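Below is one structure; the comments refer to it alone.
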Protein chains: 6
Amino acid sequence: MRILVINPNTTSEMTDAIERTARAHSSPRTELECVTPPSGPKAIETAYDVAIATYHVLELMVSRERDFDGFVIGCGANPGLDAARTITNKPVAGIGESAMMTASSVAARFSVIMPTVPGGAALGWEGVRALGLERRCASVRLTGKGVLDGFFISWDEMIEMLYRAGKLAVDEDGANALVLLCAGMTGTKEVLEDRLGIWVVDGVISALKSVEQFAAQST
Amino acid sequence: MRILVINPNTTSEMTDAIERTARAHSSPRTELECVTPPSGPKAIETAYDVAIATYHVLELMVSRERDFDGFVIGCGANPGLDAARTITNKPVAGIGESAMMTASSVAARFSVIMPTVPGGAALGWEGVRALGLERRCASVRLTGKGVLDGFFISWDEMIEMLYRAGKLAVDEDGANALVLLCAGMTGTKEVLEDRLGIWVVDGVISALKSVEQFAAQST
Amino acid sequence: MRILVINPNTTSEMTDAIERTARAHSSPRTELECVTPPSGPKAIETAYDVAIATYHVLELMVSRERDFDGFVIGCGANPGLDAARTITNKPVAGIGESAMMTASSVAARFSVIMPTVPGGAALGWEGVRALGLERRCASVRLTGKGVLDGFFISWDEMIEMLYRAGKLAVDEDGANALVLLCAGMTGTKEVLEDRLGIWVVDGVISALKSVEQFAAQST
Amino acid sequence: MRILVINPNTTSEMTDAIERTARAHSSPRTELECVTPPSGPKAIETAYDVAIATYHVLELMVSRERDFDGFVIGCGANPGLDAARTITNKPVAGIGESAMMTASSVAARFSVIMPTVPGGAALGWEGVRALGLERRCASVRLTGKGVLDGFFISWDEMIEMLYRAGKLAVDEDGANALVLLCAGMTGTKEVLEDRLGIWVVDGVISALKSVEQFAAQST
Amino acid sequence: MRILVINPNTTSEMTDAIERTARAHSSPRTELECVTPPSGPKAIETAYDVAIATYHVLELMVSRERDFDGFVIGCGANPGLDAARTITNKPVAGIGESAMMTASSVAARFSVIMPTVPGGAALGWEGVRALGLERRCASVRLTGKGVLDGFFISWDEMIEMLYRAGKLAVDEDGANALVLLCAGMTGTKEVLEDRLGIWVVDGVISALKSVEQFAAQST
Amino acid sequence: MRILVINPNTTSEMTDAIERTARAHSSPRTELECVTPPSGPKAIETAYDVAIATYHVLELMVSRERDFDGFVIGCGANPGLDAARTITNKPVAGIGESAMMTASSVAARFSVIMPTVPGGAALGWEGVRALGLERRCASVRLTGKGVLDGFFISWDEMIEMLYRAGKLAVDEDGANALVLLCAGMTGTKEVLEDRLGIWVVDGVISALKSVEQFAAQST
């Protein structure tokens, strides 16, 4: 089966990170392509960014829909997800939605870890509520850095940044699982699980696994 | 990794069906054991059945917890799921919860297909609402048969029964995916997807895939 | 004060209709400009249409923001409304949101009259719920025609179409006011009020009046 | 068109303030009458005050209904609003309801500024929730003074009192607009907008503008 | 302990009926007084009636508060209940609120039986929702007669009227208990329980029993 | 009438305390039996405890159902309540549910006083929300001691512990009534009411009074 993974922002280094995670966790029968849209925001932090990114995600969906069996939208804000589902009958997963649904499938309560964006934690809670999962969400914790500031740092700094936010979620909010809401945080699941002792959901993996359950049939 | 799949009712033929699906879809690295509790209800249709089955699920959890890396509770009513999560830090998925969360990860709106039980579709809606997914649920459709009456029939009769309910969900309710809420319906996903043209979620598969994303780390 | 009225679809005849209503009801101190975006959907009926129209609305907002004191987005689906509010501090009203808020300001319960679109009345209810007004909404009634089919008809046919839907809302649903959700229905308020005996909210008027209350200060 | 503006409390100085605002903002075609009920509470701060004021508002409504084309109830608690709408088909607006609906028509999120009453901010939130607008309300901020204590002060003191509460709403709660919930705060909109840089909703104006959109037709 | 039972309407025959029930079920230590207000609506069917009755209930509360240890407001719409609780620290129960709370204390789901009023069953549902009990309410069933038309009939006719509505609630809605929402239905509990085989809640009894649990202490 | 009172934990001293309260407040016509299940948790503090206790409560219900006219489940977590209602048509009350419903029948807002359990006040709020009473609950206050630690202390220590929690509820949360959520707190109602000056709901009394209203008819 062929799955198209769309990074809705135009930071190609983030597309590379998403691709590394996806290739490491895809089924042997899955054929992957990871794409960066030709234009749009470098990072998605506001309702305006989401609207612009949505447009470019949908352009990609329209032009490539016939060539794939399933789709992953690689941004925690799920830009274009609802609209994409109206232009294809194939499975489409967003990493934000999928990560929260998967966390809710294995743990009593999850905390969301997200970049510090204008609007703050309220934006994260809005996303949680839009999915109806507010009773499952222990807290929304910000990393203290924006999307790109938290991505273009060393591995050790990133782990430290996520560990600090996750530790507060565990110790003060009683979280049983963490949702990494930003694609820029991908690849850190195992290390964080080791250090924090709770389950960490990487939306790239969970979205891919969800799509594979259904795209598999269309080959 | 070792995963324990618990069939909360005492109908061993249903445990066998669950096991066939689980073995067909588990990762090569997964070691499975499927168990039937020594006593309890033959089928789980009422709040009373759920309460009794919960007790036996928890007995199994307590006695076998150390031997496994993750757990699947193989009943759409998820008996004992909340309590099980308080006695282990390992991932525990219920097939009812997991199926609805997975359907919500790939499709705009799902319909629930469930046996005809006392209390009717209202019970199914209660389960949907408990997860916060009422805005994602297009309808709850009953099969016209109870849990055991709908299980101990021929393959053709079962497919016909599920097809009829699913067809109504597609044609009249606008469902984009079907959730098979009863473990007795397992194994029919591919045939129903072919005949109905929409995605069908088999909770045994989705629960297993969710647990595998996390249990994998604990080996 | 200068107000920019944006018709989010590319049907310029609809922009003309919106402009006629806006000019007839604007304050003497208001200077209006009504624009049609250079590209985008001819009519906005699906989540996909909304996403594409949003992009073009935001392009217009970005390029013209400095020249105006307030903005009206002339589509019942309010495309780009949330994002527009993040890129300007000036008042921005969507005719769908504004019409429902205004109906709720003068009447106990309103009914929504909207074109027949894919997804049907469920889409209208989604809009109502997104604003938190479900307890104020008596019903959502469809006209039986799509956006353009219901716009490119004679005056008499349009009045008859809206009267029929409105009459059901009054007689069967107990509505105290009607919300005309589509910009293509603008200009019919007075005739419908005379025939139906209840208040009719034309979002073009209500959005303009709301913006005028605030844009007035920025001159 | 003739509009009756009812001040539900018996403080005639407040009726005068309401009348000044209403006259300054009414349409040239509007004929206004502002009335103080013969008896009732001097200020409306508790559920008991609301109940008593409701009675006197309804007496006025019953005796004057035939003489007017629309009605404004000039108190943020909207006493008698629901009942008034059952005894007339003409538009009836309450300044509390109308101010929140209008704020929601032009801004992403509003804060409520209200007098310090027994029960505190919880009362304000109750009003917000009754309208379904809790997702649009950034905060409820108290002035530190009761209804009459905050009214019978100098202009400078009143502006300072409202500015302080509004500043906290802007700086700490992220409000995009302010709702002045008490009729005793009327007339301060322009000054506060200048000092705070965000939109301020004076319910007397917004209620009048809403009623004018509909009462206009009945002449 | 002394308990004041207020019939909020001015139909003294209904006060008599309320008094008969109250005397038959009060504790030996309870001293009862049942009063009819000097003026107000003959029956309470609309929001306007509620507002007027509220005023007269509060007048009675204010003038008699010192003489009693607890209060019962004998109308299913609970007029003045919230305001009454702000002017006394003694227990105040409304028969509508109390009946639904008591039904929820002993049965899974109740149906409301109420007179046919303008606005219909929607009014009953509003009352249920205001208490947060919508998940416990199986249905709202109308008797087909208004408050007075259903009161001034023979005993046999009243029983037949209530039996018919209750039978539908049992057979079609799955109710486990009935709430008689109107004080005019008092005195029929035992006969209806015998004929219908489910529990019937007479708000006069349940309100009295609730108040007795607390008023007892103040003697 | 015969009423069975079940203490769902196996601490017989708590059964004795429940029995003392029940005997002191039951009607002369009531015949009581209070039972301790043969096995199960000594105290009920977690979801796991609830699940195990539920099993034993249902065993008792099944074996004794024929001998009684009504049932009280003497634990604030109401273990087995929903299931019990599916195996009998007789009234079944849980002291947690009943206490909150009764508090809501006489007071504007109540606070819950509960032992300090794993999960903290969030567990109490979950119980409040499950009943739909969140708008009536002023706060959940913990005693600082677990179920047994707060039971096996001297009378003076228990009163002091409950008084401290209740005082905070009155002074800081504005509670009008207290709900004692744990059966181990029974018997303190009068003393606490005297010291705190607000109503205190002892679920053993309120559940008994609710059941007596209906069980009375079945003799």
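A short reminder: the numbers here are calculations on the coordinates, not readings from a lab. In this text the structure is predicted, and so the values were computed from the model without any measurement. Cβ sites come from the backbone with ideal geometry, for glycine too, and all protein chains shown count toward neighbours.
Here the range C:117-163 and the range E:16-85 have alpha carbon centers that stand 46 Å from each other.
Mean separation of Cα pairs under 8 Å and 6+ residues apart, divided by the residue count of the range B:34-168: what relative contact order is that in percent? Please report the intermediate quantities before stating the final value.
Details: 156 pairs, mean separation 25.6, N = 135.
This gives 19 percent for the range B:34-168.
Largest mean-square fluctuation among E:A77, E:A47, E:A121, in a Gaussian network model of chain E whose springs join Cα atoms under 10 Å apart, belongs to E:A47. With contributions of -39500 (n - 2.57) from each DSSP H run of at least four residues, the per-residue ellipticity at 222 nm computed over chain A stands at -14500 deg cm²/dmol. As a proxy for reagent exposure, F:L178, A:L123 were ordered by neighbouring Cβ count within 10 angstrom, fewest first; the result is A:L123, F:L178.
Given Cα pairs under 8 Å that are at least 6 residues apart, what percent is the relative contact order of the range B:97-203? Intermediate values should be presented prior to the final figure.
Details: 179 pairs, mean separation 36.4, N = 107.
So the answer I get is 34 percent.
From the Cα gyration tensor of chain E, with a ≥ b ≥ c the square roots of its eigenvalues, which class applies: rounded if a/c is under 1.5, or else prolate if a/b is larger than b/c, or else oblate? Judged from the Cα gyration tensor, chain E comes out prolate (a/c at least 1.5, a/b above b/c). With all pairs of separate Cα atoms included, the range D:119-159 yields a Kirkwood hydrodynamic radius of 11.8 Å.
Rounded, prolate or oblate for the protein assembly as shown? Axes are the square roots of the Cα gyration tensor eigenvalues, ordered a ≥ b ≥ c, and the cut-off for rounded is a/c under 1.5. Walk me through the numbers on the way to the answer.
Values: a/c = 1.56, a/b = 1.00, b/c = 1.56.
Cα axes put the protein assembly as shown in the oblate bin.
Taking only the C-alpha atoms of the range D:90-150, the Rg (one decimal) and the largest Cα-Cα distance, Dmax (whole number), read 12.1, 37 Å.
Could you tell me which of rounded, prolate or oblate describes the range E:33-122, using a ≥ b ≥ c as the square roots of the eigenvalues of the alpha-carbon gyration tensor, with rounded for a/c under 1.5 and, failing that, prolate when a/b is larger than b/c and oblate otherwise? Oblate. When A:L58, E:L142 are sorted by how many other C-beta atoms sit within 10 angstrom of their C-beta, beginning with the fewest, the order is E:L142, A:L58.
Of the cross-linked pairs E:K167/E:K189; C:K42/C:K90; A:K42/A:K145; D:K42/E:K209; C:K90/D:K167, which ones have a Cα-Cα span greater than 26 Å in the structure shown?
Details: E:K167/E:K189 14 Å; C:K42/C:K90 28 Å; A:K42/A:K145 15 Å; D:K42/E:K209 38 Å; C:K90/D:K167 18 Å.
Pairs exceeding 26 Å: C:K42/C:K90; D:K42/E:K209.
Secondary structure note: in chain C, about 0% of the DSSP beta bridges are antiparallel.
If you build the Cα gyration tensor of the range B:1-84 and take the root of 5 times each eigenvalue, what three semi-axes come out, in whole angstrom, biggest first?
Working: eigenvalues 87, 42, 20 Å².
Working from the Cα gyration tensor, I get semi-axes of 21, 15, 10 Å.
Listing C:S12, F:S139 from fewest to most neighbouring C-beta atoms within 10 Å gives C:S12, F:S139.
Approximating the spin labels as points 7 Å out from Cα along Cα→Cβ, the B:I153-to-D:R164 distance works out to 7.4 nm. The value given for the range A:150-189 is a Kirkwood hydrodynamic radius of 10.7 Å, derived from the mean inverse Cα-Cα separation.
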